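Structure, as structure tokens:
The values are calculated or read from the model by the stated rules, or taken from the named source; none is laboratory data. Nothing here was measured: the structure is a model prediction, and the numbers come from that model. All Cβ positions, even for glycine, are placed from backbone atoms using ideal geometry, and neighbour counts span all protein chains on display. Just so you know, the surface numbers come from the protein's heavy atoms only, side chains and all, with ligands and any DNA or RNA stripped out. Shrake-Rupley method; radii C 1.70, N 1.55, O 1.52, S 1.80 Å.
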Amino acid sequence: MNRQFRIRTVFCAAALLAAGAAAAEEPFYSPGDRVTVLMGFSPGGGSDVLAQLVQPYLAEALGGAHFVNQYQPGATGAIAWTQLAHQVKPDGATIAIVNTPMLTTNYIMNDAISYSIADLEFIANVVTDPGLAVVAADSPYQTFEDLIAAARANPSTITVANSGLGGDDFFTSIAIENSADVKFQKVPFKGDGPSWTAAMGGKVDVSFNNLGITYPQIVEGNLRPLVVFTEERLPQLPDVPTAKELGYDVSGGSSRGYGIPKGFPKEAREQLIEAFRTIMQDPEFLAAAEKQAMTLDPMFGDDFTAFLQAQEAEYAEIWASVQEQRQ
């Protein structure tokens, strides 16, 4: 091999390597790409609020991808998550908002539900939304103790709305019943939005709900919080006591993030994870989240998966104890 040919060969090899590296760095999502976001709850609920907050920033972080929300309320999110696990092509074009604890309690409580978190992969958690109880502004129940006293005096008559069987608010209502030795008439709705709307309209006595979705109505004076289910008082509601302050060892909330079908393109998942990392450092996003009383709780990729697996084990144990009490 003469020197000139050897130099040309080395140059071509280097060019091919450079081209390969450029191709490897090519982002999966491009400007204008359409990404469908499955949501298992009605418009106006916590998932919708999260989507409206996050997705404009996420689209920008992905260089101009376009997110389209697809609402599929019912079965406490199980309709959307079953579709994500078993019907969606894992081609990067469809993702979903996932909510705890319903994501796992659905199949823990109902053997007929065919998906589990083992059938999914996960991108990021965004918020953990603290639980609380709210009533209409003109409700006769001025305090949480008023509500408990009424429940003691008239068992199974105080109507308590929740976002659906298996939700954090559903489990919180069970925990309060056990802790306060009362019985509520629990009324499930298809999401947090219909739940607080029913309370505001006087159709139920109280809604066990979450801060992020009810906070605008609290600020407007349409809903009045009675108690928060957190370890400490919330800075947004400093005058509202915790359940623990009142003597009830109960806490609860809902984490909300994004999941994908098993077999999702690795490069797409990694690009989405990095996009979430980016927006979590964006001062404009952080300010918008604070304005909406969103309690950010970022977890990414495998860390989020591990969190869900631990929660799955915890709620399986709680549900088993509930079943034992019924026997």
Determine the percent antiparallel among the DSSP beta bridges restricted to the chain, to the nearest 5. 60
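Averaged per residue, what accessible surface does the chain expose to a 1.4 Å probe, in Å²? Intermediate results must be reported in sequence, preceding the final value.
Details: 14900 Å² over 327 residues.
Accessible area per residue: 46 Å².
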Over the stretch 215-271, one equal point on each Cα, no solvent: what is log10 I(q)/I(0) by the Debye formula at q = 0.12, 0.28, 0.29 Å⁻¹? -0.50, -1.19, -1.21
Could you derive backbone 3J(HN,Hα) for the stretch 162-171 from the dihedral phi with the Karplus parameters 6.51, -1.76 and 1.60 (θ = phi - 60°), listing whole Hz in sequence and x where the residue is Gly or Pro? 9, 7, x, 4, x, x, 4, 5, 4, 5
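The stretch 175-239: which GluC sites (Glu not before Pro) are DSSP loop and have at most 16 other beta-carbon atoms within 10 angstrom?
220, 231, 232
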Over the chain, what is the relative contact order in percent, taking alpha-carbon pairs closer than 8 angstrom and at least six residues apart? 25
Of all accessible surface on the stretch 93-173 at a 1.4 Å probe, what whole percent is carbon and sulfur? 53
Given only helices, namely DSSP H runs of n ≥ 4 each adding -39500 (n - 2.57), what is the per-residue ellipticity at 222 nm of the chain, to the nearest 500 deg cm²/dmol? -14000 deg cm²/dmol
So what's the chain giving for Cα Rg divided by 2.2 N^0.38 Å, two decimals? 1.18
Rounded to two decimals, the Debye log10 I(q)/I(0) of the stretch 20-153 (Cα scatterers, no solvent) at q = 0.20 Å⁻¹ is -1.19
Carbon plus sulfur, as percent of the 1.4 Å-probe accessible area of the stretch 186-327, comes to 48
Using the Karplus equation 6.51 cos²θ - 1.76 cosθ + 1.60 (θ = phi - 60°), what ³J(HN,Hα) coupling, rounded to whole Hz, does each residue of the stretch 246-255 give in order, writing x for Gly and Pro? 8, x, 10, 7, 9, 9, x, x, 10, 8
Among 190/266; 186/244; 186/291, the pairs whose Cα-Cα distance exceeds 25 Å are 190/266; 186/291
Among 239-245, 289-295, what's the highest-first ranking by average C-beta atoms within 10 angstrom per residue? 289-295, 239-245
Using r as the Cβ-Cβ distance of residue 26 and residue 309, and R0 as 35 Å, what FRET efficiency do you calculate, to the nearest 0.05? 0.60
Under-5 Å amide H pairs with residue 122, H placed in peptide plane, nonlocal only: 260
For the chain, with only Lys/Arg (+1) and Asp/Glu (-1) charged at the beta-carbon, what is the dipole magnitude about the Cα centre, in debye rounded to 20? 1020
With +1 on each Lys and Arg Cβ and -1 on each Asp and Glu Cβ, how big is the dipole of the stretch 152-256 about its Cα centre, in debye rounded to the nearest 20? 340
